[in-house]
Every structure is written in C-alpha cells, then in structure tokens.
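Colleague: I am attaching a structure below and will ask some questions about it afterwards.
The values are calculated or read from the model by the stated rules, or taken from the named source; none is laboratory data. Quick caveat: nothing in here was measured; it's all calculated off a predicted structure. Reconstructed Cβ throughout: ideal geometry from the backbone, glycine too, with neighbour counts over all protein chains shown. Ligands, DNA and RNA are excluded from the accessible area calculation, which covers all protein heavy atoms including side chains. Shrake-Rupley method; radii C 1.70, N 1.55, O 1.52, S 1.80 Å.
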Amino acid sequence: MHARDVMTPNVISVKPSATIRDVAGLFLQHRISGAPVIDEGGKLVGIVSEGDLIRRAELGTEKQHRSWWLGLLSADARAQEYVKSHGHQVSDVMTRDVASVDEQTPLGDVAGLLESRGIKRVPVLRAGKVVGVISRANLVQALASSLPQPAVDEFVSDHEIRERLLAELAGQPWGFAGRGVIVRDGVVHLWGVFSSQASVDAVRVAAEGIPGVKRVVDHTEQPPIPIGL
C-alpha cells in the first residue's frame with residue numbers, strides 16, 4: 001500500500017497570514033490537531049499543530065528560564081521563543097522544516113518517517129502540491145482494515161500447521177531447529193533452549209498467525225548461566 005491509499009484527502013489548510021485565534025478555532029471546529037500551511041501560490045511552506053500553540057503568553061504557558069539557564073541560551077534562541085509565544089500569525093509559530101511524502105511513497109517509509117521525526121502527521125504531495133495528509137491514525141485504520149478475519153471451521157492438519165510454521169521460521173535469527181516444534185490437535189508445543197524471552201515471543205506470534213492453530217504451549221527453557229558470572 002502507498003500513501004495515496006490511506007491518506008485523508010480534501011485537506012484543511014491555512015495561510016501564513018492566518019491569525020493564531022483563527023487557527024485555534026479551526027482546530028476546534030473540525031476536530032483536527034494540525035494543518036499544512038500553504039501560501040498564495042499553492043506552495044507548502046510549513047505546518048502548524050497544537051504543539052505550536054501550547055506555549056503562549058495569553059495562557060501564561062510561555063517557557064520560563066531560571067537566570068543561570070537563561071545565560072546559556074543565545075540571543076537568537078530567546079528571540080525565537082518570544083516570537084513563538086507572542087506572535088499573532090501562523091507564520092510566527094509554524095514549523096518551517098516540513099517533512100512530506102509523495103503519494104506513491106510506500107506505507108513502510110511513511111511509518112519510518114513519522115517514527116524517526118517524532119511527528120504525528122505528514123503532508124502528501126503530487127507534483128509539489130498538497131493533495132492529502134497521512135497521520136498515525138490513518139495507519140491504524142489501514143491496519144484494522146488489513147487484518148484477516150479468522151476462518152470459521154477451517155480444518156488444517158497438524159502436519160500442515162507444522163510445515164507452515166517451520167517455513168515462517170526459516171532464516172529467522174530467532175528461529176530454532178524443527179525438532180522444537182510439535183503440533184497435536186491444533187495445539188503447538190514449543191520445546192528447546194532459547195536465547196531470550198523475545199525469541200520465544202516471536203515464535204509464539206508466528207505460530208498464532210497460522211490458520212488452524214488453537215493455542216501455543218511454551219515448554220522452552222532459558223540457557224544455563226555460566227558458573228562464576
């Protein structure tokens with residue numbers, strides 16, 4: 001899937017000249033927490049979010065610095081903080097370094113961008129123009145729509161369950177030898193010595209994802225601790 005498949009189209013955007021009051025009202029009216037900032041020529045120039053509005057002089061929430069800490073801040077940094085907390089237009093508070101994706105960007109890359117930048121949403125572009133916004137919520141919605149429904153009364157033999165599980169584990173660094181998997185009446189039994197609990201959990205999840213598996217029973221052991229450590 002790509003960004004265009006899950007993005008929210010018909011984007012609500014604001015202009016750099018919009019007032020902070022107008023943006024706050026827009027967020028409340030449409031129940032959104034952020035919007036791209038687009039200039040008169042249709043170019044994406046920033047993004048404004050709730051996070052840009054929480055440090056405000058009107059609320060008494062502007063950043064306060066103790067005298068010793070204030071001395072460590074450059075004059076430019078203090079000036080930027082003042083603009084952010086006292087400015088009246090979107091252009092004063094918006095984030096200018098905007099991360100964006102193309103409509104053909106794979107969802108895996110979108111998720112990686114949101115995670116690495118610590119952001120909740122990203123504009124989607126087509127030929128340089130904003131055509132949508134994709135957020136963490138959109139990815140969760142895509143996940144909910146993609147998860148397969150459990151098959152009803154599907155019979156899968158124990159042998160087939162075991163073969164599917166071994167195929168899934170093949171080549172995985174946390175997998176283990178086939179002799180550690182026994183399947184009986186749809187119940188997967190795990191045996192052997194694992195390097196970590198995370199490895200046990202990974203094998204369990206792999207088994208649970210196979211049709212016909214009723215449950216997974218863990219008989220595994222942790223490796224012995226060397227004497228003297």
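Colleague: Estimate the FRET efficiency between residue 129 and residue 219 by the formula 1/(1 + (r/R0)^6), using the beta-carbon distance for r and 41 Å for R0, to the nearest 0.05.
Modeller: 0.10
Colleague: Work through the residues other than residue 37 whose Cβ is under 15 Å from its Cβ and net out their charges, Lys, Arg +1 and Asp, Glu -1.
Modeller: -1
Colleague: If you take the charge dipole of the chain about its Cα centre, with +1 on Lys and Arg Cβ and -1 on Asp and Glu Cβ, which of 77, 132, 159 is farthest toward its positive end?
Modeller: Of 77, 132, 159, it is 77.
Colleague: Let me have the relative contact order for segment 107-147, percent, based on Cα pairs under 8 Å that are six or more residues apart.
Modeller: It rounds to 30 percent for segment 107-147.
Colleague: Considering only protein heavy atoms, with the full assembly of protein chains and a 1.4 angstrom probe, order 17, 145 by accessible area, largest first.
Modeller: 145, 17
Colleague: What ranking of 214, 129 comes out by heavy-atom accessible area, probe 1.4 Å, highest first?
Modeller: From most exposed to least exposed: 214, 129.
Colleague: For residue 142 and residue 5 in the same chain, what is the full-extension length gain: residue separation times 0.36 nm, less their Cα-Cα distance, in nm?
Modeller: Gain on stretching residue 142 to residue 5: 48.4 nm.
Colleague: Around residue 14, under 15 Å between beta carbons, what's the net of Lys plus Arg minus Asp minus Glu among the other residues?
Modeller: Counting the neighbours of residue 14, the net charge comes to -1.
Colleague: Whenever you get a sec, line up 121, 96, 162, 21 from highest to lowest accessible area (probe 1.4 Å, protein heavy atoms).
Modeller: Largest accessible area first, the list is 21, 96, 162, 121.
Colleague: In addition: For a Förster distance of 35 Å, can you work out the FRET efficiency between the beta-carbons of residue 24 and residue 167, rounded to the nearest 0.05?
Modeller: It comes to 0.05.
Colleague: Could you estimate the translational diffusion coefficient of segment 19-129 from the Stokes-Einstein equation, with Rh from the Kirkwood formula over C-alpha pairs, at 10 °C and 1.306 mPa s, in whole µm²/s?
Modeller: Rounded to a whole number, D works out at 101 µm²/s.
Colleague: Mind jotting down a quarter of the surface of the convex hull over the alpha carbons of the chain, in square nanometres, one decimal?
Modeller: Taking the Cα atoms of the chain, their convex hull projects to 21.4 nm² on average.
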